[in-house]
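The values are calculated or read from the model by the stated rules, or taken from the named source; none is laboratory data. Fair warning: this is a prediction, and the values are worked out from it, not measured in the lab. Every residue, glycine as well, gets a Cβ built from its backbone with ideal geometry; the counts of neighbours run over all protein chains shown.
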Amino acid sequence: MPAPTANMKINADRLWDSLMEMAKIGPGVAGGNNRQTLTDEDGEGRSLFQRWCEAAGCEMGLDTMGNMFAMRAGTDPDALPVYVGSHLDTQPTGGKYDGVLGVLGGLEVVRTLNDLNVKTKHPIVVVNWTNEEGTRFAPAMLSSGVFAGVHTEDWAKSRTDAEGKTFGDELNRIGWQGEEPVGARKMHALFELHIEQGPILEAEGKEIGIVTHGQGLSWTQLTVTGKDSHTGSTPMPMRKNAGLGMAKILQLVDEIAWSHAPDAVGAAGHIDVFPNSRNVIPGKVVFTVDFRSPNLAVIQDMEARLAKGAQAICDEMGLGLEIEKTGGFDPVEFDAGCVGALRDAANRLGYSHRDIISGAGHDACWINQVAPAAMVMCPCVDGLSHNEAEEISKDWAAAGTDVLLHAVVETAKITA
């Protein structure tokens with residue numbers, strides 16, 4: 001079967017115009033997007049994506065978790081499809097490219113093959129996974145997790161947002177629950193294009209990142225308990241300051257992460273201080289710690305050192321401590337064949353590239369458990385993401401999508 005040639009490239013202007021058109025739906029207050037999952041804006045974005053896919057000749061599918069599938073037929077009816085895509089939902093103060101580039105880049109692959117009248121043995125399916133961000137309905141990558149068997153559908157649909165609305169009810173409300181059983185589809189492979197969401201590629205002047213691994217993640221919630229008391233009339237030796245205990249634990253978190261640098265990272269995220277009054281010594285603090293590493297043994301070591309060290313700090317200060325692991329997932333090693341297809345594509349096209357580890361979770365991380373999968377990344381300005389100021393260049397978007405095109409076509413096999 002013929003291989004793709006170096007002059008096979010996507011239409012960069014069309015891709016960019018599509019990104020800008022999608023960004024008009026759910027505009028943010030500072031130039032980005034607020035198109036959170038299962039909102040009316042999410043529904044509008046889905047409708048636009050479906051219209052574009054149908055115009056490109058794709059057959060649409062929709063499963064019971066709202067995952068959208070747009071299939072370009074292959075020449076072999078028995079060949080498993082090659083999947084490509086990401087997510088259209090955004091953070092409340094999100095950018096225009098996080099996830100969206102992967103979905104519309106997948107659509108651009110289909111459009112380009114149509115332009116060139118290229119046929120492939122394997123069907124190509126562009127996918128929009130529901131609720132990757134997890135900001136409205138935790139956890140992140142929810143629907144791809146159900147697809148891969150990580151979560152049950154009933155559990156996922158019972159997740160609630162800040163107003164007590166359930167995922168299942170909101171999916172029905174916006175009219176995007178399908179009848180196809182989630183997880184019923186079989187895949188030949190899956191490729192996901194994404195912005196890096198970090199500073200490495202731009203800093204090194206690389207156009208492409210070939211993602212070999214995804215970092216594992218550990219989320220731990222700690223509750224430090226002391227005693228509420230007056231800031232002015234409680235002598236220093238008699239205080240049981242939960243806020244100070246938290247501060248010392250946060251320093252420990254930083255020390256633990258640095259001891260496993262450069263690949264491991266750690267930080268505190270959500271922090272609640274009680275009673276959170278300017279003249280009351282905090283009697284309780286609840287906060288989360290996020291540890292990440294591509295090495296499971298390192299994550300386990302960081303967790304153990306946190307538990308031991310935090311307990312020692314609280315014992316010394318006369319504070320109570322509760323520790324609960326609230327989430328996480330193991331590190332991911334992406335499929336060697338899919339990674340190789342992306343690397344070959346970057347070499348064939350002459351784009352500068354390097355191997356990279358994804359510091360964020362992505363839908364491809366879950367799908368890698370049930371099908372061969374890999375990711376390709378393009379730079380983003382200053383590594384900024386999950387921020388309305390998130391920015392990429394048209395050239396970066398085109399380079400990433402060119403590599404995606406070649407890897408998908410190589411895997412789907414050109415027949416004519």
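The table below gives the values:
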{"read-out": "The lone exception for Ser233 - which of (1) part of a helix (DSSP H, G or I); (2) surrounded by fewer than 15 Cβ atoms within 10 Å (Cβ to Cβ); (3) more than 25 Å from the chain's Cα centre (by Cα) it fails", "value": "(1)"}
{"read-out": "Residues within segment 273-311 that are under 14 Å from Gly216 (Cα atoms), surrounded by fewer than 20 Cβ atoms within 10 Å (Cβ to Cβ) and among the small types (Gly, Ala, Ser), tallied", "value": "1"}
{"read-out": "Qualifying position, being more than 16 Å from His87 (Cα to Cα), in the same structural domain as Asn33 (by the TED database) and in a loop (DSSP other than H, G, I, E, B), among Gly183, Gly209, Gly134, Gly168", "value": "Gly183"}
{"read-out": "In segment 121-145, residue farthest from the chain's Cα centre (by Cα) [restricted to those that are within 20 Å of Thr39 (Cα to Cα) and of a type in the set (Val, Ile, Thr)]", "value": "Val127"}
{"read-out": "Scan of segment 20-38 for residues that are farther than 29 Å from Gly168 by Cβ and either surrounded by 20 or more Cβ atoms within 10 Å (Cβ to Cβ) or touching an Asp or Glu at 6+ places or on another chain (Cβ under 9 Å) (or both), ordered by number", "value": "Val29, Ala30, Gly31"}
{"read-out": "Test for Val150: is it in contact (Cβ under 8 Å) with a residue 40 or more places away in the chain, of a type in the set (A, V, I, L, M), assigned to a loop (DSSP other than H, G, I, E, B) and within 23 Å of Gly99 (Cα to Cα)", "value": "yes"}
{"read-out": "Residue ID - nearest to Ile271 (Cα to Cα), chosen from residues in segment 236-246 that are surrounded by 15 or more Cβ atoms within 10 Å (Cβ to Cβ) and aliphatic (A, V, I, L, M)", "value": "Met246"}
{"read-out": "In segment 313-329, the residues that are exposed (fewer than 14 other Cβ atoms within 10 Å of the Cβ), more than 17 Å from Thr288 (Cα to Cα) and either touching a residue at least 12 places away in the same chain (Cβ under 8 Å) or small (Gly, Ala, Ser) (or both)", "value": "Gly318"}
{"read-out": "Among the candidates Met65, Met60, residue that is modelled with pLDDT of 95 or more, in a strand (DSSP E or B), closer than 27 Å to Asp169 by Cα and among the hydrophobic types (A, V, I, L, M, F, W, C)", "value": "Met60"}
{"read-out": "So Leu349, is it touching a residue at least 12 places away in the same chain (Cβ under 8 Å), in contact with a His (Cβ under 7 Å, 6 or more places away or on another chain) and surrounded by 15 or more Cβ atoms within 10 Å (Cβ to Cβ)", "value": "yes"}
{"read-out": "Looking only at segment 147-163, and only at residues there that are in contact with a Ser or Thr (Cβ under 8 Å, 6 or more places away or on another chain) and closer than 19 Å to Trp219 by Cβ, the one that is surrounded by the most Cβ atoms within 10 Å (Cβ to Cβ)", "value": "Ala156"}
{"read-out": "Filtered residues of segment 331-346 (kept if more than 14 Å from Glu207 (Cβ to Cβ) and either surrounded by fewer than 22 Cβ atoms within 10 Å (Cβ to Cβ) or of a type in the set (Phe, Trp, Tyr) (or both))", "value": "Pro331, Glu333, Phe334, Asp335, Ala336, Gly337, Gly340, Asp344"}
{"read-out": "Subset of segment 88-124 [free of Cβ contacts under 8 Å to residues at least 60 places away in the same chain and touching a strand residue (DSSP E or B) at 6+ places or on another chain (Cβ under 6 Å)]", "value": "Val103, Val110"}
{"read-out": "Residue among Ala79, Ala70 that is in a loop (DSSP other than H, G, I, E, B) and either assigned by the TED database to the domain that holds Ile392 or in contact (Cβ under 8 Å) with a residue 40 or more places away in the chain (or both)", "value": "Ala79"}
{"read-out": "Search result, residues across segment 69-87 that are under 25 Å from Ser393 (Cα atoms) and out of contact with any strand residue (DSSP E or B) (no Cβ under 6 Å at 6 or more places or on another chain)", "value": "His87"}
{"read-out": "Count of residues meeting criterion [polar (S, T, N, Q) and closer than 30 Å to Gly283 by Cα] in segment 320-373", "value": "1"}
{"read-out": "So Asp315, is it of a type outside the set (Ser, Thr, Tyr), farther than 30 Å from Ile356 by Cβ and touching a Phe, Trp or Tyr at 6+ places or on another chain (Cβ under 9 Å)", "value": "no"}
{"read-out": "Residue satisfying all of: in segment 258-272; touching a Lys or Arg at 6+ places or on another chain (Cβ under 8 Å) and in a strand (DSSP E or B); surrounded by the fewest Cβ atoms within 10 Å (Cβ to Cβ) among these", "value": "Val265"}
{"read-out": "The one condition in (1) at positive phi; (2) within 27 Å of the chain's Cα centre (by Cα) that Trp258 fails to fulfil", "value": "(1)"}
{"read-out": "Residue list for segment 222-257, filter: of a type in the set (A, V, I, L, M, F, W, C) and more than 15 Å from Gly309 (Cα to Cα)", "value": "Met236, Met238, Ala242"}
{"read-out": "Failed item, numbered, when Leu319 is tested on (1) of a type in the set (A, V, I, L, M, F, W, C); (2) in the same structural domain as Ser143 (by the TED database); (3) modelled with pLDDT of 95 or more", "value": "(2)"}
